[in-house]
Amino acid sequence: MELSAWLSLALICTLGAMSPGPSLAVVLKHSMNSGPAAGISASIAHAFGVGSYAALSVLGLASLIAQFPTVYTLLLYFGAAYLAYLGFKILTSKPSESNGNEAIDKATTDWVSAAREGFTVAFVNPKTAIFFVALFSQFIDPETMTFTLAFLMCFTVFIIDAIWFVFVSVAASSATKRFNLGSKQGVISKVLGIAFLLLALRVLYQTV
């Protein structure tokens with residue numbers, strides 16, 4: 001792949017990562033509520049989810065999804081249900097205080113939960129696969145596709161997504177400490193919960 005083509009691919013991936021949506025909401029939630037470690041965990045896991053879709057797109061799975069609208073629609077409904085579940089969980093959760101071993105256990109739980117949600121929110125969106133099929137088709141020729149080229153493109157997707165969301169998680173955590181947003185955690189949680197519910201409604205609206 002020529003440098004100019006790779007730069008074009010990297011630019012499009014960067015703009016895609018920066019676009020607001022469920023992924024940003026998940027990273028912000030964990031960064032602001034549980035700290036930078038949880039936010040970074042969600043960011044890296046999300047990048048793995050997006051990178052997996054990029055790899056599956058190269059393998060042709062996304063084209064298969066596009067050929068079966070029912071499967072595609074079911075995945076969209078599942079994604080909307082998952083976003084609604086996250087929103088409901090945030091709105092109904094109660095802040096808890098702990099120390100000692102309980103604090104360590106909670107930090108581990110937050111890390112695992114952040115990774116799980118980061119990956120899932122990326123992987124329940126089949127539009128990502130369709131996006132990569134459309135994107136990759138502009139840069140590759142099936143007859144000249146090699147493993148090295150496929151790896152380079154998928155790794156570009158992964159690393160750009162990871163860098164952007166790690167930056168977001170660190171910035172959000174820093175802002176939380178600097179402006180004492182922790183004292184407003186209840187309000188912030190309600191805003192994020194409502195945001196997830198609205199995102200779920202948007203998915204359903206676009207599906208109908």
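The values are calculated or read from the model by the stated rules, or taken from the named source; none is laboratory data. Worth saying up front: this structure is predicted, and the values here are computed from it rather than measured. Please note: Cβ atoms are built from the backbone with ideal geometry, for glycine as well, and neighbour counts cover all protein chains shown. The area values use the complete protein model at the heavy-atom level, side chains included, leaving out ligands, DNA and RNA. Shrake-Rupley method; radii C 1.70, N 1.55, O 1.52, S 1.80 Å.
Results for (1) at pLDDT 80 or above; (2) in contact with a helix residue (DSSP H, G or I) (Cβ under 9 Å, 6 or more places away or on another chain); (3) in a helix (DSSP H, G or I), shown as yes or no for each residue.
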position: 96; (1), (2), (3): no, yes, no
position: 125; (1), (2), (3): no, yes, no
position: 174; (1), (2), (3): yes, yes, yes
position: 189; (1), (2), (3): no, yes, yes
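Residue pairs whose Cβ atoms lie under 6 Å apart, separated by 6 or more positions or on different chains, with the first residue in region 160-172 and more than 16 Å from residue 119 (Cβ to Cβ) and the second hydroxyl-bearing (Ser, Thr, Tyr) and part of a helix (DSSP H, G or I), are 160/14; 172/31. Consider region 115-137 and keep the residues that are among the aliphatic types (A, V, I, L, M) and closer than 22 Å to residue 67 by Cβ. The one that is surrounded by the fewest Cβ atoms within 10 Å (Cβ to Cβ) is 134. Pairs meeting the criteria (first residue in region 5-23 and in contact (Cβ under 8 Å) with a residue 60 or more places away in the chain, second residue open to solvent by 60 Å² or more (accessible area, probe 1.4 Å) and part of a helix (DSSP H, G or I), beta carbons under 8 Å, at least 6 apart or on different chains) are 6/152; 14/164; 16/131; 17/164; 18/164.
Within region 1-23, if we keep just the residues that are among the aliphatic types (A, V, I, L, M) and touching a Ser or Thr at 6+ places or on another chain (Cβ under 9 Å), the residue that is nearest to residue 132 (Cα to Cα) turns out to be 9. Among the candidates 179, 131, the residue that is modelled with pLDDT under 85 and within 19 Å of residue 118 (Cβ to Cβ) is uniquely 131. Of the residues screened, residue 55 is one that is open to solvent by 20 Å² or more (accessible area, probe 1.4 Å), part of a helix (DSSP H, G or I) and of a type outside the set (Val, Ile, Thr).
Residues being of a type in the set (Ser, Thr, Tyr), in a helix (DSSP H, G or I), modelled with pLDDT of 90 or more and closer than 22 Å to residue 172 by Cβ are represented in region 11-33 by at least one member.
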